[in-house]
1. Take the range 333-348 and flag every residue that is in contact with a helix residue (DSSP H, G or I) (Cβ under 9 Å, 6 or more places away or on another chain) and either closer than 20 Å to residue 442 by Cα or surrounded by 24 or more Cβ atoms within 10 Å (Cβ to Cβ) (or both).
2. Give the residues of the range 256-277 that are out of contact with any helix residue (DSSP H, G or I) (no Cβ under 7 Å at 6 or more places or on another chain) and surrounded by fewer than 24 Cβ atoms within 10 Å (Cβ to Cβ), sorted by residue number.
3. Mind checking which residues of the range 91-110 are over 23 Å from the mean Cα position of the chain (by Cα) and touching a residue at least 24 places away in the same chain (Cβ under 8 Å)?
4. Inspect all residues belonging to the range 121-130 and state whether any of them is over 22 Å from residue 293 (Cβ atoms), within 16 Å of the ligand (Cβ to nearest atom) and crowded, with 18+ Cβ neighbours inside 10 Å.
5. Going through the range 291-312 one residue at a time, which ones are on the phi < 0 side of the Ramachandran plot and within 16 Å of the ligand (Cβ to nearest atom)?
6. Just need a number here: residues in the range 381-390 that are over 16 Å from residue 64 (Cβ atoms) and either surrounded by fewer than 20 Cβ atoms within 10 Å (Cβ to Cβ) or touching a helix residue (DSSP H, G or I) at 6+ places or on another chain (Cβ under 8 Å) (or both).
7. Failed condition for residue 133, given (1) in a helix (DSSP H, G or I); (2) within 16 Å of the ligand (Cβ to nearest atom); (3) surrounded by fewer than 22 Cβ atoms within 10 Å (Cβ to Cβ), with all others met?
Ligand code: PMP
């Protein structure tokens, strides 16, 4: 298809309200033209000018099977021809939906029972909150409603999920968080630990703080704890040693449900099929999205454990039908896309690839970056990793935000053909390439990142800012 680039840019600027874009700078042209992304193959995308970029972030940590997978496109097309839509209300289903749900219940960690479908990670977490409230109402604990999430946790941007997200810029000017949602400290050892505090000691302290918070709120008022197995948008930060064991002991003690938000970690990213399996987490509810369809179709799922589901079923005579559902819950094209993607995940053992290539990736990141004078920490697991830049390594002090070090490094990488994301909470360059990435491709990614980091480091040194 030939497109008129100027016309597309003009239409876009005039009519698209872009997420996470400074609206005035975009409208005035200060941010330049939008990037028109046209095609993708493997780990690369191509823009309207024919420039190739390595997508070191798999879109938004989601295109796990890579771009241009004809098997998935064909499954979507087949289903669209056969039956483009039918709802799943009032006991209607499709073969693809039933097959997918059976697969998810069998492959998910813990004792899972049922799957409720949505279109995004945000709405799936919205559903999780309602399930927690419904569950506690049905079992006669109507005050057990507060949901605790963590600072730096990301769970979406809708009303409840945006409240769960522990980042103030998602709340400011949007009248959030809701009063039911409470935040506790992030499991971020580099920034959160006291001097000489080991990972285990720090993890135990975070668990003790959670225990104290639940005591203060009253255990009868706390329904659930939601967390990502690995902090994602909060800085791609694996948990400190012993964290999950200590946290789960606190939750059990207070009869508080655990929601594992596996939107990023589900389907292989950590090197295990689920992050919960990687860290010994036994969730009551699991949220998945992104990798479920590798973003070939918007589909999310709230996977419901036996403990919660049994209460819902037992209470049904009293409350009637389960009154929650979207027009697109269990969309057959989404289900067909997910089945085709899961076929690839299993056939190509993408968790295994994330483990093996991921170990190589983590080693390369550490070797190339950890000793640089502007790097505070290199961290990650499987095929997700981050480099955190600091102005003062010894004193652990960030750069002046006005220097925009993270954004400049991300731009320098992009100018060299690599998308690596500048993340919030400091100067962080994040990576989450597709799970089909090879070792040779890791070498390419790391080489470009190295050139980008060194170019900005040289600028800082010349300017006397380092
Ligand atoms: N949970 C996690 C852990 C996420 O990373 C995201 C998206 N980045 C979401 C929830 C929200 O998903 P969505 O953007 O599809 O609403």
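1. Those that are in contact with a helix residue (DSSP H, G or I) (Cβ under 9 Å, 6 or more places away or on another chain) and either closer than 20 Å to residue 442 by Cα or surrounded by 24 or more Cβ atoms within 10 Å (Cβ to Cβ) (or both): 333, 334, 335, 336, 337, 338, 340, 341, 345.
2. Of all residues in the range 256-277, those out of contact with any helix residue (DSSP H, G or I) (no Cβ under 7 Å at 6 or more places or on another chain) come to 274-277.
Correct list: 276, 277.
3. Of all residues in the range 91-110, those over 23 Å from the mean Cα position of the chain (by Cα) come to 91-99, 102.
93, 94, 96, 97, 99, listed by residue number.
4. Within the range 121-130 (the criterion being over 22 Å from residue 293 (Cβ atoms), within 16 Å of the ligand (Cβ to nearest atom) and crowded, with 18+ Cβ neighbours inside 10 Å), the answer is yes, since at least one residue qualifies.
5. 291, 292, 293, 296, 297, 298, 299, 300, 301, 302, 303
6. Looking only at the range 381-390, we keep the residues that are over 16 Å from residue 64 (Cβ atoms), and these are 386-390.
From what is left, the residues that are either surrounded by fewer than 20 Cβ atoms within 10 Å (Cβ to Cβ) or touching a helix residue (DSSP H, G or I) at 6+ places or on another chain (Cβ under 8 Å) (or both) are 387-389.
Residues meeting the conditions: 3.
7. Here residue 133 clears every test but (2).
So that you can scan it fast, the table gives a plain yes or no per residue for (1) in contact (Cβ under 8 Å) with a residue 40 or more places away in the chain; (2) out of contact with any helix residue (DSSP H, G or I) (no Cβ under 9 Å at 6 or more places or on another chain):
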residue	(1), (2)
184	no, no
189	yes, no
194	no, no
214	yes, no
217	yes, yes
225	yes, no
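All of the numbers you see were taken from the coordinates with simple rules; none came from a lab. What you are looking at is a predicted structure, and each value in this text was computed from that prediction instead of being measured. Positions of Cβ are generated from backbone atoms using ideal geometry, with glycine treated the same way; all protein chains shown enter the neighbour counts.
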